Each structure stands twice: as structure tokens, then as C-alpha cells.
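Here's the structure, in C-alpha cells; my notes come after.
The values are calculated or read from the model by the stated rules, or taken from the named source; none is laboratory data. These figures come from a predicted structure and were not determined experimentally. No Cβ is skipped: glycine too gets one built from the backbone with ideal geometry, and neighbour counts run over all protein chains shown. Surface accessibility is based on the protein's heavy atoms, side chains included, excluding ligands, DNA and RNA. Shrake-Rupley method; radii C 1.70, N 1.55, O 1.52, S 1.80 Å.
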Amino acid sequence: MKLAKIRISGGSLGIAIVEEDHLQLLDMTQLEEYHCLYDILVAKDPVNLSKFLVNTKESSLSFDEVEFLAPVDQQEIWAAGVTYKRSQIARMEESDTGASHYDKVYSADRPELFLKATPNRVSGPGQSVRVRYDSNWSVPEPELALMVSADLRLVGYTIGNDMSARDIEGENPLYLPQAKVYNQCCALGPAVLIPEEPLCGKDVKIELSINRENQEVFKGETSLDQMARTHKNLISWLGRENDFSHGAILLTGTGVIPPDEFSLKNGDIVSISIEGIGTLVNPVVKDAG
Ligand code: DO4
Ligand code: MG
């Protein structure tokens, strides 16, 4: 089952089951302990709970009646890095001084984990992501995102874009927070998949396509079985000495990086697809600076 946070034309917010060609709106007033998407995802049986909450009288909505929103409530968004060989190689090439750090972290026991965004820095489907005005080499990073409960259970999957300024990150590894965390640095959505079985290690495709003036200027793909770490391992490291009272969202790293001569431009359109979840599309904005 897939769930989405939506805005219905007229302005009201809701949560809906995403079906093949329509949505079914949940009536959250039926049970008083469920207020937001997170409350449903962490419930004992989110699938049957969602079916129970379907408002049968006025549940069916067409896709063009609604705006999909980022599936975030109050969670912090964290990210793992250098979890795919492609990312290790690209990072080593972009950094003169930091190459050995990226090499070591790929095979170390402890993963690279960093705070990627707070909910106010996240864009939903169709909303702009930003390239920093002080970066001349920025790329999107298409990543599977794990929805994690306060008690560190993996409760769903969504699509994430870990926007990254490669020139800032490459100049000095200590600049990583500036390369990664800024306004509209992350996109999430369009839906959360509650899977029948875990996706970790599966041959599930992640595809990135970048369009400029109606022409595809980059296309690349990887699959989840190319990841060097398990989702369980990343979550257990994230939870060490860290409480997430509202849960967390954890991006799992990129295995697709455009060639070094490529940088995003103002007006580009980034599309990220993950089999079984959907496609996250965001226009890019870069101010003149
Ligand atoms: O080490 C820098 C960030 C790595 C990253 O974001 C990734 O591999 O996806
Ligand atoms: Mg990344």
C-alpha cells in the first residue's frame, strides 16, 4: 500500500491511499489517536488501519484534484553517505585532501551519517529544489529514503533527493554541512510505500533523469542491490545515542552521480523514480548571487 500527504483543492490537508488511478481519502476524525501520516505509519497494522479510515462517502479523489506534499511531519531528515561504490569513487575524485576519508568510510564498520534537513528545508513533489548561489558544481542525488519510527522500526519507504554542492564538499570535507544543508536542499515524496516485504538488497531500480529546455541532459540508474550496507545496519547506527521522539527519515546514499563536467542550472527539471514508489519531480532554482 502507498500513502500520501495531500492538499485538496480548496486548501484542506489530508492523508490518502494512493491507488493506480485515484486516491482514497482517510477520515482522520474517526479515531482520535491518529492525527498525521507518522501516526498511521507507526501503528501496529497501518494497512488495515488505513482501509478502516477510508471515508466511504467522499473518499475518491482524482490526481488532478490534489497537490502531493512531502511526507514529513516533524521528523529530522538524516542521510547516509558513500554507501555505493559510485559515490566512493566520485567523492575521492572531487577531493584532493579528503580522498582517503571517503575510501575508508566505504568499508568501515561505522557509516557516514549526517543531519540533512529539518522539515522546513524540504520540498514536496513539484516544488523547487535549490542550487546554492555560491556553488558552480551541484548535482541531485537520487536516494531511497527510509521512514523510521521513534523505536527505530523501518515503517515505510519514500524517494529522496539529497541536493549536493560538489565544489564546496570537494574543497574541504569540513564544509560538508554547507554543501548539504541549506534552504530547499532536499526533496521527498510523492508517496510512502508500506511494503509487503523489505526492499533491502533487492533488484529495485532507482532512476535519475535531468531535463533542460525539454531535452534530457542526463540519465542514470542503479539498484538497491548495489548498496554496500543494509538498511537495518544504517538505522541501528543512526539510533546510537540519539532519540527521535517524532521518528526520522533516513536517506540511504546515492549510486548515481552525473559526470564531473555536469552541474545543475536554473530551470532544470529533476525526476527520480524508484520502482514501486513512484516518481519525484522537482524544478531547480539557482539565484544569480
Ligand atoms: O560524503 C559525502 C556525502 C555522500 C553522500 O551524500 C552520498 O553518498 O549519497
Ligand atoms: Mg547523498
- Query: Which whole-Hz ³J(HN,Hα) couplings does region 192-202 yield from phi under the Karplus relation 6.51 cos²θ - 1.76 cosθ + 1.60, θ = phi - 60°, glycine and proline marked x?
  - Reply: 10, 8, 9, x, 6, 9, x, 8, 4, x, 7
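Mind checking the full-extension length gain between His246 and Val217? Use 0.36 nm per residue of separation minus the Cα-Cα distance, one decimal, nm.
Values: separation 29, 0.36 × 29 = 10.44 nm, distance 3.87 nm.
Extending this stretch completely gives an extra 6.6 nm.
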- Note on the structure: Phi angles of region 125-133, converted by Karplus (6.51 cos²θ - 1.76 cosθ + 1.60, θ = phi - 60°) into ³J(HN,Hα) in whole Hz with x for Gly and Pro, give x, x, 8, 6, 9, 10, 9, 4, 5
- Query: Using alpha carbons only, how many degrees (0 to 90, rounded to 10) separate the axis of helix 85-94 from the longest principal axis of the chain?
  - Reply: 50 degrees
- Of all chymotrypsin sites (Phe, Trp or Tyr not before Pro) in region 164-262, which ones are in loop regions per DSSP and have a Cβ with at most 15 other Cβ atoms within 10 Å? Phe262
- GNM result for the chain, Cα springs below 10 Å: residue of Thr29, Thr222, Thr83 fluctuating most strongly: Thr29
- Ignoring ligands, DNA and RNA, what percent of the 1.4 Å accessible area of the chain is carbon and sulfur? 47 percent
- Task: Enumerate the amide H contacts of Thr83 below 5 Å, restricted to partners 5 or more residues apart or on another chain; note that Pro and chain-start residues carry no placed amide H.
- Result: Thr254
- Placing one equal point scatterer on each C-alpha of region 76-285 and summing with Debye, one gets log10 I(q)/I(0) at q = 0.09, 0.13 Å⁻¹ equal to -0.30, -0.65
- Could you check which residue among Arg153, Arg212, Arg240 shows the biggest mean-square fluctuation in a GNM of the chain with a 10 Å Cα cutoff? Arg240
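Give me the percent relative contact order of the chain, please, defined on Cα pairs under 8 angstrom at least 6 residues apart. Walk me through the numbers on the way to the answer.
Values: 696 pairs, mean separation 66.8, N = 289.
RCO, the chain: 23 percent.
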- Note on the structure: Between the alpha carbon centres of region 133-190 and region 256-271 the gap in Å comes to 15 Å
- Cα-based Rg / Dmax (Å) for region 2-69: 11.1, 32
- Any idea what the relative contact order of region 1-150 is, in percent, if you count C-alpha pairs under 8 Å spaced at least 6 apart? 20 percent
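Using 0.36 nm per residue of separation minus the Cα-Cα distance, give me the extension gain between Asp64 and Ala150 in nm, one decimal. Don't skip to the answer; put the middle values down first.
Values: separation 86, 0.36 × 86 = 30.96 nm, distance 3.38 nm.
Once the chain is fully extended between Asp64 and Ala150, it gains 27.6 nm.
Tell me, what is the FRET efficiency for Arg110 and Asp225 to the nearest 0.05, using R0 = 22 angstrom and their Cβ-Cβ distance as r?
On the way: r = 23 Å, r/R0 = 1.03.
In this case the efficiency is close to 0.45.
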- Task: Using amide H atoms built 1.01 Å from N in the peptide plane, name the residues 5+ places from Asp162, or on other chains, whose amide H lies under 5 Å from its own.
- Result: Glu141, Glu143
- Message: Based on the alpha carbons, how large is the Rg to Rh ratio for region 1-133 when Rh follows Kirkwood?
- Response: 1.12
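Averaged per residue, what accessible surface does the chain expose to a 1.4 Å probe, in Å²?
Value returned for the chain: 46 Å² of accessible area per residue.
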- Query: Using a 1.4 Å probe, how large is the accessible area of Ser263, given in Å² and rounded to the nearest 10?
  - Reply: 30 Å²
- What is the spin-label model distance, in nm, from Asp287 to Ile269 if the labels are put 7 Å beyond Cα along the C-beta direction? 2.6 nm
